[in-house]
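Have a look at the structure below, then the notes.
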Amino acid sequence: MTDQWVSFSRFGDAELVSLTGEIDLANAGEIGKAIVGRITEAGKVLIDLTTVSFLDSAGVRLLDALVGDLLVHGTRTRLVVGERGAARMTLQLCAFREDVLTTDLERAAAELK
Amino acid sequence: MTQELRLPWDDDPDDLYEHAPCGYLTTLPDGTIVKVNQTFLVWTGYTRAELVGHRRFRDLLGSGGQIYHETHYAPLLRMQDEVHEMAFEVVCADNTTLPTLVNSVLARGPAKEPRAIRTTIFNATERRSYENELLHARRRAEDSERRVQVLQEIVANLAAAPTEAEVAEAVVRAPEPAFGAASSSIYLVDPERDLIIAVSSTDPTTGNWDDMPRSSPRAVARVAERGDLHVVGSVAEARKHFPDLVDNMLKSGRNTVVLLPLTTGGSDDRAGPETLGVLAFSFTGERKLGDNELRVVRLLGQQAGQALDRARLYDDARRREERTAFLGETTRTLDELHRLLPRARRLVDRVVPEIADWALLQLSIGNGIREESGGPVPDAALLESAEQRATMASVPIFPEPGDPLGCVVLPLTARGRVLGTLSMRMAPDRRGAAAERSFLIDLADRAGMALENARLYEQERETARTLQRSLLAADLPRGDARFAVETHYQAAGQDLEVGGDWFDAFMINKDRLAIAVGDVVGRGIDAATTMGQLRSAIRALAGDEVGPARLLEGLDRFVDRVETARMATVAYAEVDLVTGELVYSCAGHLPPLLQSPVGLPEFLLQARSAPLGSRAGDIRRTEQRLPLPAGSRLLLYTDGLIERRTRPIDKGFELLAREFGRRRDAPLPGLTTALADLLVGRDHADDVCLLCLSLGNEERIERSLGADRMQIAQLRSELRAWLVAHGVEAECRDAVLLACSEAVANAIEHGYRDDPFGMIDVVATVTAEAVEVRVTDRGTWRGAVTDVARGRGLQLIRESMDQVLFDRTDGTTVIMRRSRED
């Protein structure tokens, strides 16, 4: 059900969660469940938001919860967000933790080495 | 004490006892006869042996006498020891009865115990016949008294009977109780038609019911002519004098007929008594009427005649009064309806059933008008021919007796022209035909005038409407992206003349727009013409450097020359489309209503002065300036919108402001119509005129969606496309999309938390400067948001937009505005 917004793959030794399209109140909950099911065992997680065209506060809540959980479990994680665009704007407006945001995948993977 | 005279012969006491002129009885206290004299035995035919020791006195009485004996005789005797002159009928041996008078004395013993009753019995045969005579006389006296009573009652009834019909009814009921007649009938004289008409009878199977001419040889007509009572004592007499009565007398078994003329006047030496009717009553068996009775019969004739005379006068007066009232009421009710068709219909409805059972109104106006009511419908060919005759000759046609059409046909004329005809079938009227004709002619005159007025009204109304339509339809400025004008004109309710309300909008120069709404005093074609003149005057006076105040001064001068425009009211405003500055002035007109993009609507109450050309009011014209932000709406309107008989005017203002405010997000097209519908409805007594100016290139998108999170994406996609189409910069666009999504999510999660079927309205407008979005839900507001997640949503709205307002007057409206230059 959530395949249109979320897909999973490996990027190096990290679990890569790729989000795409519009993430809002309507789908954030299901997307969250799908992601949690896949990353509990992962040691490193990269969440790619570069093709997310819309992100609302429900999406922010989802990311906030995910990042919080991962950090609690000692899983290292990065959010990849383009320098501009809807997702970046929303996260900025919410004053999301800058330290987990990166602008491209390569750099994010490097930061988790 | 005088010594008893010695008789010339020795009177044997026994013989005296036996043959005394009265009967003697001696009985025991229980009535058993123990001694009886010969006289009694002779009278009654009993033998002594039959009575003595065998019968009691009461056994000799009839059953009525026995009861009387029991209830009166015996108790009295016991109480008083004697009774006197008690009447008993003694039953004789041959069963005949002997009327007697009885005296008895109760003899008591030493211990006062009853021992014997001694009774004398007098033969009362002679005495009883005298009493019968008395009784008979008393009966006669009673009859006479009863007759007088019946007559008194009838006279009282006659006095109370207001109409001829009721008098006739009272009279016809008199002879049976008064004289013992078998039946009676009454005939009335109709002098106008020279007829005698049978109107009522206690036994309609008797007699001849045809109307008869007054000259008829029939008995009733003869007696009416002669004016004196006539008694037909027997069939033989009838055969001799009035053969027309014979058949009926034989058929209904009558032997005596009394024909009583009902007369009035009499004392008037000029004409002698006038006969108004004839009362005929008859008896089975030959009946002799005594002098007394005949006197009473004549008296009845006079009383009835006078009552009839009075009733006729009263009938005439009442009929005249009714007809006058009918005419007055007809004119009044026709005046209530101005238009031709309703008026024509009402005329027919007035006539049927009140004065006619069928009526047809045909008018040769326009395409022809035909209104019909009642029935049955008369013969079409006869009617048409009568209508033609009436129209051609312009004279009313009244039916003669026996006319096969039987209808009145009245030509309706006005200003020397026959408009058409009114045909009616009326109940045949026995009398007053002449008065009736003049009434009908009067009715035709009034109807003709009323219909002609309605025709003229239609004509003028049509002209006025055409004129008004052409004036109001004049081209209003369109196609300028900086503003839009929406107008609505609604004529007063269907039967009222056009009023003098108007609106106008025109460009003074390419950047200056003028708008006006005004109201001319009066109605109809004059008001419409004046309105056109004023409208032109405003267009002529307006100029770059003039402004509202000087323009109104110019109109004051204009009104001095065009008197019909005096006291007209005008609201006039100019808008600088570059700066957005509004300048306005009101001459006696209702204040314009302004809805700014944010906040509540407000009435513009400055720059007010008196109506145009007012002599008593303050006509120092001033003007007021204020900036109109893009997205403002300004409403000018006439008093028809506000004033309703059922609503105080301040409520009207309140309602207008509220409804205008509620619709600030509604599309401009249809807004003025919606306001008019809501405030005045369809049935209104005044014209309504509205003009709404919407300022700023108000491009807008409006969507309604259910309280369903799945629908947010769809909304967003439409909104995105719309923003893109308007060239809204990406950053602004994303911010608007985010804020809008959050506001909708907020409405779903909060406003409609308990209502999955709630609707959310989203309106976005875009101008060169900014994008504005309004998100409205009608759910419940729960005070400060404690939900952290929603708190983030609100934070996002605040962060992404420049201006955010919450309006919680009716549900929640979030008004968000973001500037495009960033």
* Among the numbered conditions (1) free of Cβ contacts under 8 Å to residues at least 60 places away in the same chain; (2) part of a strand (DSSP E or B); (3) open to solvent by 50 Å² or more (accessible area, probe 1.4 Å), tell me where B:Phe122 comes up short. => (1)
* Asked: Do we have any residue at all in segment A:1-17 that's open to solvent by less than 20 Å² (accessible area, probe 1.4 Å) and of a type in the set (Phe, Trp, Tyr)?
  -> no
* To do: Search segment B:313-340 for residues that are in a helix (DSSP H, G or I) and pair each with any residue that is β-branched (Val, Ile, Thr) when their beta-carbon atoms are under 9 Å apart and the residues are at least 6 apart or on different chains.
  => B:Tyr314/B:Thr163; B:Asp315/B:Thr163; B:Arg318/B:Thr163; B:Arg323/B:Ile355; B:Phe326/B:Ile355; B:Thr330/B:Val351; B:Leu340/B:Ile365; B:Leu340/B:Ile369
* Structure fact -> Cβ pairs under 8 Å, 6+ apart or interchain, first in segment B:740-754 and at the interface with another protein chain (Cβ under 9 Å from one of its Cβ atoms), second open to solvent by 30 Å² or more (accessible area, probe 1.4 Å) and modelled with pLDDT of 85 or more, ordered by first then second residue, are B:Ala745/B:Arg709; B:Ile748/B:Asp708; B:Ile748/B:Arg709
* Sort out which residues of segment A:18-34 are acidic (Asp, Glu) and either more than 14 Å from chain B (Cβ to nearest Cβ) or open to solvent by less than 50 Å² (accessible area, probe 1.4 Å) (or both), and write them in order of number. => A:Glu22, A:Asp24
* **Residue in segment B:174-188 that is over 15 Å from B:Gly301 (Cβ atoms), part of a helix (DSSP H, G or I) and either under 51 Å from the mean Cα position of the chain (by Cα) or free of Cβ contacts under 8 Å to residues at least 60 places away in the same chain (or both) present** => yes
* Where residues in segment B:505-532 are crowded, with 18+ Cβ neighbours inside 10 Å and among the polar types (S, T, N, Q), which of them is nearest to B:Gln468 (Cα to Cα)? -> B:Thr529
* Asked: Got a sec? Which of B:Ala344, B:Ala311 is open to solvent by less than 50 Å² (accessible area, probe 1.4 Å) and outside the structural domain of B:Arg417 (by TED's automatic domain parsing)?
  -> B:Ala311
* Considering every residue within segment B:350-363, establish whether at least one is at pLDDT below 90, open to solvent by 50 Å² or more (accessible area, probe 1.4 Å) and over 31 Å from the mean Cα position of the chain (by Cα). => no
* To do: Considering every residue within segment A:35-47, establish whether at least one is within 14 Å of chain B (Cβ to nearest Cβ) and within 25 Å of B:Glu749 (Cβ to Cβ).
  => no
* Residue check, A:Leu63 against (1) of a type in the set (A, V, I, L, M, F, W, C); (2) modelled with pLDDT of 90 or more; (3) in a loop (DSSP other than H, G, I, E, B), all met but one. Which one? -> (3)
* Can you tell me which residue among B:Val578, B:Val583, B:Val598, B:Val570 is in a strand (DSSP E or B) and either under 20 Å from B:Gly522 (Cα atoms) or modelled with pLDDT under 95 (or both)? => B:Val570
* **Sole residue being within 24 Å of B:Glu742 (Cβ to Cβ), at the interface with chain B (Cβ under 9 Å from one of its Cβ atoms) and not aliphatic (A, V, I, L, M), chosen from A:Gly85, A:Gly68, A:Gly59** => A:Gly85
* Condition met for B:Ala540 (at pLDDT below 80 and either closer than 30 Å to B:Ser423 by Cβ or open to solvent by 50 Å² or more (accessible area, probe 1.4 Å) (or both)) -> no
* Could you tell me which of the residues A:Leu16, A:Leu25 is in contact with an Asp or Glu (Cβ under 9 Å, 6 or more places away or on another chain) and assigned to a strand (DSSP E or B)? => A:Leu16
* Test A:Phe54 against the stated conditions and say whether it is more than 22 Å from B:Gln795 (Cβ to Cβ), in a strand (DSSP E or B), at pLDDT 90 or above and among the aromatic types (Phe, Trp, Tyr). => no
* When you go through (1) in a helix (DSSP H, G or I); (2) open to solvent by 10 Å² or more (accessible area, probe 1.4 Å) one by one for A:Arg84, which number turns out not to apply? -> (1)
* Verdict on A:Leu55 being aliphatic (A, V, I, L, M) and under 10 Å from the mean Cα position of the chain (by Cα) -> no
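The values are calculated or read from the model by the stated rules, or taken from the named source; none is laboratory data. Since the structure is predicted, the reported quantities are computational estimates derived from the model, not experimental observations. Note that each Cβ is placed from the backbone with ideal geometry, even for glycine, and that neighbours are counted across all protein chains shown. Heavy atoms of the whole protein, side chains included, go into the accessibility calculation; ligands, DNA and RNA do not. Shrake-Rupley method; radii C 1.70, N 1.55, O 1.52, S 1.80 Å.
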